[in-house]
Amino acid sequence: MKTECSDLDNLLLEGDPFSMETATRHAGSCPECAEKLASWDDISVAAKSLRTEWNSDLLWPRIETAIHLEEKDAGHPRFWQIAATVLLTISVGATTWYAVRDGSRQAAFDKEIIRVSALESVERAEQAHLYAIAELEKVAEPKLEDAQGPLMISYREKLMVLDDAIAECQTNIDNNRQNAHLRKQLLTMYSEKQRTLRDVVREGTNASHQ
Amino acid sequence: MLRINKVLIILVLLAAPVVRAAEDRYEVQFGRTLNYRGGRVSVDHRFGPVTVRTEPGNNVTVRATIRASDPAFGQKIRIKAVEEGNGVSVRTEFPEERIIIRSGESSYSVDLRITVPPQATLRLTNRFGSIDAEGIGASEITNSHGSIRLRDTRGNQVVENAFGSVDVQDAAGDISIVNSNASVRAVTIAGALNISNRFGSVSVNDVARRVVVKNSNGTVDVRETDGPVSITNSFSNTKVSTIKGAVEVLSQNGRVEVATVGAPVSVRNSFGAVDAKEIAGSLTVNNANGNVSAKEINGDLIVETRFGTARGDTIRGAARITNANGAVNLTGVTKDARVRTSFSSVFLKEIGGAIDVQNENGAVSVTDLAPPAGGCRPIAVRTTFSSIKLELPAGSSYTVNASTSFGHIKSDLPITTRSLGEESVSGTIGRGGACKLELSNTNGNITIDRD
């Protein structure tokens, strides 16, 4: 590769051994560039002689102090944050525990004493039973009155026993409306009466077919 | 500061529903420990469940949760737990007066939990609440409108209930249960068991001694008992199986099933079928208006019925069937077969002993006879308005008297006749001898075939 005078500046800027050797080789055949290279060498020697180093007694201690101060400042907020978090956790935990315990207690309470709001649906169910019983009685009563067989006598007796039990439940419900057991028992009695009346209707029909 | 406010708001929000839910609700705990010096622990309770457990020692502990919709009412509910000369008494007392609150009458319930020493005798009464007892000694337990559950009891138990189920399991002593209108279940009873119920099912399993069940209008199911079993039931089905002792069933208007019994069985029924199998002793069935089926009976079979079919299969004894207006089918009877019926047919197969059949207006068929054990099998068959068909094994010897009117007599076996008419034959089959074959018919044929 042929080196031109215009390339000399770039070679000097590169500064690596190969570039410097190429520049020296070109300077051997070009007096103008040789002069320029000599000036470059002089400047380089002068720059190396100007280089110096010194130790600072204050810089590192100042950095160290600054770090300590920063750590110290940062330590106070962290303690308070931990304390606040612990307090919050305890508070939330206690409140949750209390809420859960109270919730189960309320559930146990609801199991024994029905809420006023739920009473309405219970009474609606009872009314539905009563309506069904009234309808069934219309069909069953003539069969019960006419029949003389032991089975119908037995059904009649059972219905009387159930009516007594229903009356007993109702008397107690008058004084203890929200008592869940009483309400459940009354519904059971109503269901049993319905089932018995249905049996009467069915048996009466079977008997009439025989 | 802003952060603290946020925390406070969260806490208040969390607590708010708890505070709100506690409105208008009264709940208080009661607790007392009493010294038990012998005698009886009496508990009288209403309106709430009772739980009884045992703990070694001499203390009776009473714990209760009193709940009311109105605090004023709830505060007046008292649990009176006291030591008395003859034991310990626990009683729940409710205010008699009605307290009106803004939403209506007050409502209340008391949950009672008691521990007693295992040796204590217990008398417990409840109404409108369940009873749950475990490990207790001898006791009398009465309830109405609530279930009774007993587990691991030690002494004799007398249990009475109405309108609530009774469930007893793992009892060491005798158990007596009276109930009405609800189910009874008794399992693993080491003593005797006596149950009386109405309008509810009865289920019994694994009883060591005698079982007596009286029920009506509810199914009865008794299984795996070592002692004798006696059941009275009506208007429902009765099932008995795997019983070592004798079984007696008195039923009306219900099906009776008896299986795998190690002793004699007696069944009286009406308007329901009787089905018995695998009976080690004799089987006696008195039925009316129902079928009777007996299979694998290791003793005599005695059946009286009307208007139903009587069937017997594999009877290792004699069979005596009295029927009216119903068919009789007997197969595999080891000893004698005696049958009386009318207006229906009789089929006898594989009979080992003497045969005596009297029918009216129904056919009689006797086939597949096994060789007689004693060398002679007397046969007497009489019917009217139908046919008699008899198959005799080759080599049979009989003195024959056969007669009919308005019919024919036909024999595949040679008869050496003494007298021969159009409607009667007298003579001998084979060697003749003392073994008699008496066949009598009116308005029907007589056929003797070779088997």
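Residues that are free of Cβ contacts under 8 Å to residues at least 60 places away in the same chain, of a type in the set (D, E, K, R) and more than 15 Å from A:LEU119 (Cβ to Cβ) within the stretch A:144-195 comprise A:GLU145, A:ASP146, A:ARG156, A:GLU157, A:LYS158, A:ASP163, A:ASP164, A:GLU168, A:GLU192, A:ARG195, listed in sequence order.
Could you tell me whether B:SER106 is within 14 Å of chain A (Cβ to nearest Cβ) and at pLDDT 95 or above? Against the criterion (within 14 Å of chain A (Cβ to nearest Cβ) and at pLDDT 95 or above), B:SER106 does not qualify. Beta carbons closer than 9 Å, at least 6 apart along the sequence or on distinct chains, pair a first residue in the stretch A:5-16 that is under 10 Å from A:LEU37 (Cα atoms) with a second that is surrounded by 11 or more Cβ atoms within 10 Å (Cβ to Cβ) and charged (D, E, K, R) for A:LEU8/A:LYS36; A:ASP9/A:LYS36; A:LEU12/A:LYS36. Tell me whether the stretch A:154-161 contains one or more residues that are within 30 Å of B:ARG67 (Cα to Cα), at pLDDT 90 or above and within 12 Å of another protein chain (Cβ to nearest Cβ). So far as the stretch A:154-161 goes, no, none of its residues is within 30 Å of B:ARG67 (Cα to Cα), at pLDDT 90 or above and within 12 Å of another protein chain (Cβ to nearest Cβ).
Taking the stretch B:63-76 as the region of interest, how many residues are under 44 Å from the mean Cα position of the chain (by Cα) and surrounded by 21 or more Cβ atoms within 10 Å (Cβ to Cβ)?
Matching residues across the stretch B:63-76 total 4.
Here A:LYS184 does not qualify as touching a helix residue (DSSP H, G or I) at 6+ places or on another chain (Cβ under 8 Å) and either more than 8 Å from chain B (Cβ to nearest Cβ) or within 20 Å of B:PHE73 (Cα to Cα) (or both).
Tell me, please, whether a residue that is over 51 Å from the mean Cα position of the chain (by Cα), within 27 Å of B:ASN361 (Cα to Cα), in a strand (DSSP E or B) and not hydroxyl-bearing (Ser, Thr, Tyr) can be found in the stretch B:441-451.
To start, the set of residues in the stretch B:441-451 that are over 51 Å from the mean Cα position of the chain (by Cα) comprises none.
Taking every residue of the stretch B:441-451 in turn, none turns out to be over 51 Å from the mean Cα position of the chain (by Cα), within 27 Å of B:ASN361 (Cα to Cα), in a strand (DSSP E or B) and not hydroxyl-bearing (Ser, Thr, Tyr).
Applying the criterion of being within 14 Å of another protein chain (Cβ to nearest Cβ) and either hydroxyl-bearing (Ser, Thr, Tyr) or part of a strand (DSSP E or B) (or both) to the residues of the stretch B:34-62, the residue that is farthest from A:GLN178 (Cα to Cα) is B:THR51.
In the set (1) without any contact (Cβ under 8 Å) to a residue 60 or more places away in the chain; (2) outside any strand (DSSP E or B); (3) farther than 24 Å from B:ALA324 by Cα, B:GLY362 fails one condition alone, (3).
Within the stretch B:240-284, the set of residues being of a type in the set (Lys, Arg) and either at positive phi or assigned to a strand (DSSP E or B) (or both) comprises B:ARG268, B:LYS277.
For the stretch B:155-208, the strands (runs of 3 or more DSSP E) that sit wholly inside it and include 1 or more residues that are at pLDDT 95 or above and on the phi > 0 side of the Ramachandran plot are B:166-171, B:184-189, B:202-207. Hey, any hits in the stretch B:129-137 for a residue that's more than 13 Å from chain A (Cβ to nearest Cβ), closer than 20 Å to B:GLN29 by Cα and among the acidic types (Asp, Glu)? Yes, the stretch B:129-137 contains a residue that is more than 13 Å from chain A (Cβ to nearest Cβ), closer than 20 Å to B:GLN29 by Cα and among the acidic types (Asp, Glu). Residues in the stretch A:88-114 that are more than 23 Å from B:ILE66 (Cα to Cα) and either of a type in the set (Lys, Arg) or at the interface with chain B (Cβ under 8 Å from one of its Cβ atoms) (or both): A:LEU88, A:SER91, A:VAL92, A:THR95, A:THR96.
Would you call B:ILE231 in contact with a Gly (Cβ under 7 Å, 6 or more places away or on another chain) and surrounded by 24 or more Cβ atoms within 10 Å (Cβ to Cβ)? The answer is no for B:ILE231. For the condition at the interface with chain B (Cβ under 10 Å from one of its Cβ atoms), within 23 Å of B:PHE128 (Cα to Cα) and surrounded by fewer than 17 Cβ atoms within 10 Å (Cβ to Cβ), A:ASP174 qualifies.
The values are calculated or read from the model by the stated rules, or taken from the named source; none is laboratory data. Note that the structure is predicted; figures quoted are calculated from it, not measured. Note: ideal-geometry Cβ built from the backbone for every residue, glycine included; neighbour counts use all protein chains shown.
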